[in-house]
Each structure stands twice: as C-alpha cells, then as structure tokens.
Amino acid sequence: MATHTIVDQSTCIACGACGASAPDIFEYNDEGFAFVHLDNNEGSAEVDEDLLDDLDDAVEGCPTDSIKVSEHPIVLEEV
C-alpha cells in the first residue's frame, strides 16, 4: 500500500516537531514552515516503507494536525 503525505502550511505553526521526528521526510522553508522535501510538498511522492514509523511519530506529534496522510496522492484545496 502506498503512503503519501503533505503539510498544510496554512495551519503549520513552524514548531519543528515533524522535522525532529522525521528528518528524512520534512524540511523547513525560509519562513520556518514545514514541507515534505520528497516532492516539495506536492503530495505526490510515495513515502518509503522504512520511514513510515517516523511519519507516524510526526503525525502524532503535530500540535495543529497539519500533516496529512493518504493512500493516494494528496491535493490541498486553497481557501
């Protein structure tokens, strides 16, 4: 089963929790907001199976629930 992830930067508070939990998945832009560096936060890249535990930790540790995970590519609707 494929796993895709994306950060909703409209709700991210730049706390750094996801990068601490999953540094192989998340990086930060110039404003400090997290993004998925695997695909420049497009929600299209599959997360490697060996990184799924780290991804789960990041999702659980995100205080704003900004990390989205799906079996399919993700597209965030702009508000």
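Each reported figure results from applying straightforward, stated rules to the coordinates on display, with no laboratory input. What you see is a predicted model, and the numbers here were worked out from it, not measured in a lab. Every residue, glycine among them, receives a Cβ derived from its backbone with ideal geometry; neighbour counts consider all protein chains shown.
Here are some notes:
- In region 1-27, the residue that is surrounded by the fewest Cβ atoms within 10 Å (Cβ to Cβ) out of those that are of a type in the set (V, I, T) and touching a residue at least 60 places away in the same chain (Cβ under 8 Å) is T3.
- Criterion (surrounded by fewer than 16 Cβ atoms within 10 Å (Cβ to Cβ), touching a helix residue (DSSP H, G or I) at 6+ places or on another chain (Cβ under 9 Å) and not hydrophobic (A, V, I, L, M, F, W, C)) met by exactly one of D30, D50, D56: D56
- Tally of residues being more than 17 Å from E77 (Cα to Cα) and either hydroxyl-bearing (S, T, Y) or in contact with a Phe, Trp or Tyr (Cβ under 7 Å, 6 or more places away or on another chain) (or both) across region 1-25: 5
- Restricting attention to region 24-79, the residues being part of a loop (DSSP other than H, G, I, E, B), of a type in the set (S, T, N, Q) and within 15 Å of T3 (Cα to Cα) number 2.
- Filtering region 26-54 to residues that are closer than 17 Å to E71 by Cα and touching a Phe, Trp or Tyr at 6+ places or on another chain (Cβ under 8 Å) leaves V36, N41.
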